[in-house]
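The values are calculated or read from the model by the stated rules, or taken from the named source; none is laboratory data. Please read these numbers as outputs of a predicted model, since none were measured by experiment. Glycine also receives a Cβ, built like all others from the backbone with ideal geometry; neighbour counts cover every protein chain displayed. Ligands, DNA and RNA are excluded from the accessible area calculation, which covers all protein heavy atoms including side chains. Shrake-Rupley method; radii C 1.70, N 1.55, O 1.52, S 1.80 Å.
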Amino acid sequence: MSAESRIVLAGAGAGLVAGLLGAVVSLITVEPSISAAIDYESMRSAAEAAVGTGTVTGGHHHGAVDPSAGGGEEEVVPRAVQATLGVFLSVGLFGLAMGLLIAAVAYGLRKLLPQLSARRAALVAGTLAFVAGFLVPYAKYPSDPPAIGSHGDLVARTAAYYSMVAISVFAMTIAVVVAARLSARWGWFAAIVAVGGGYLVVMLAVAAFLPSVAQIVGAASEIPGPVMDGDDIVLDGYPAAVIGGFRLGSLLVATTIFGVATVLLAAVIGFRARGRGDAVPQVGSNDLVLSP
């Protein structure tokens, strides 16, 4: 089996395990927020329908709309399946993909920097993938629970997010290549500081140029405000606790997946390398040591 095949299998295994653990974290931290968001979405639809048909009576309601009053969309997949099997399937596949990504980056780093040990290459690769592929784009476009935005602006929001991801990954790739070249003259510390600062400046400029979610949805804020009937509040605005809980949970899930996949891949590489007696690979070796 070739070195490429071994690193792919190791990355896939590490990513799958990380994805399953991430799914457990998602069940604990994200799913409660999704359930609360769906309840609010139903209440908001009912409130807006009541205001539109003039059936609202009384004074200030402040969220007292019955969520069973309708307005929600028919579920193609039952919510119970989405919140259990669906979570393990979607998050598990995401973890698998991220494990393969980290493995590919680690292999590329070993080609670029043959003096870098395979285990360190995996650790560096996981860190770079997390920062460029998730953390920086997430700072501009954090995850939003249901009922924020609409189907009409979904394509625009998705395009803006993946544009941020693509630019971030491309800028990080250039930064790594430049750092490798500068390190021969400046040393690694100075090279990393220089290219890290350059990457940060570029991404701040990109973040300022790309539209915010509020601009995409055409509102002062992407967070829905209260439903009003004249001067009366029929339903309060989107609960801040739901948004905060969802975004924090999403961050914890991603951190779990990238962290576990990176550590597991580095551990597998280190274990296989020790089995061969090659824990410290020779300078000039281009392959990740993964065979026993």
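Observations, loosely collected:
- Histogrammed with a bin width of 10 Å, the alpha carbon distances of segment 93-206 distribute as 13, 39, 32, 12, 4, 0 percent, first bin at zero.
- Residues in segment 11-26 carry Karplus couplings, in order, of x, 5, x, 5, x, 5, 4, 4, x, 5, 5, x, 5, 5, 4, 5 Hz; the curve used is 6.51 cos²θ - 1.76 cosθ + 1.60 with θ = phi - 60°, and Gly or Pro positions show x.
- Heavy-atom accessible surface of segment 166-229: percent carbon and sulfur, 1.4 Å: 74 percent
- Per-residue 3J(HN,Hα) values for segment 171-181, derived from phi via the Karplus relation 6.51 cos²θ - 1.76 cosθ + 1.60 with θ = phi - 60°, read 5, 5, 4, 4, 4, 5, 4, 5, 4, 4, 6 Hz in sequence order (x marks Gly and Pro).
- Placing a label point 7 Å from the Cα of residue 185 along the Cα-to-Cβ line, no residue of segment 91-115 has its backbone N under 18 Å from it.
- Each of residue 194 and residue 89 was given a label point 7 Å from its Cα along the Cα-to-Cβ line. The distance between the two points is 5.1 nm.
- Here the 3J(HN,Hα) profile of segment 210-216, calculated from phi with Karplus coefficients 6.51, -1.76 and 1.60 at θ = phi - 60°, is 5, x, 6, 4, 4, 5, 5 Hz, Gly and Pro shown as x.
- Taking a ≥ b ≥ c as the square roots of the eigenvalues of the alpha carbon gyration tensor, segment 185-268 is oblate, as a/c is not under 1.5 and a/b does not beat b/c.
- Close amide-amide hydrogen proximity is noted between residue 233 and 61, 62, each under 5 Å apart and 5 or more residues distant or on a separate chain (H modeled in the peptide plane; Pro and chain starts excluded).
- Residue order for 31, 4 - accessible surface, 1.4 angstrom probe, largest first: 4, 31
- Shown for segment 79-131: the carbon plus sulfur share of the solvent-accessible area, taken with all protein chains present and a 1.4 angstrom probe, equals 77%.
- Residue-normalised accessible area of segment 129-274, given per residue in Å² at a 1.4 Å probe: 51 Å²
- Between residue 174 and residue 115, the FRET efficiency estimated from the beta carbon spacing at R0 = 30 angstrom works out to 0.90.
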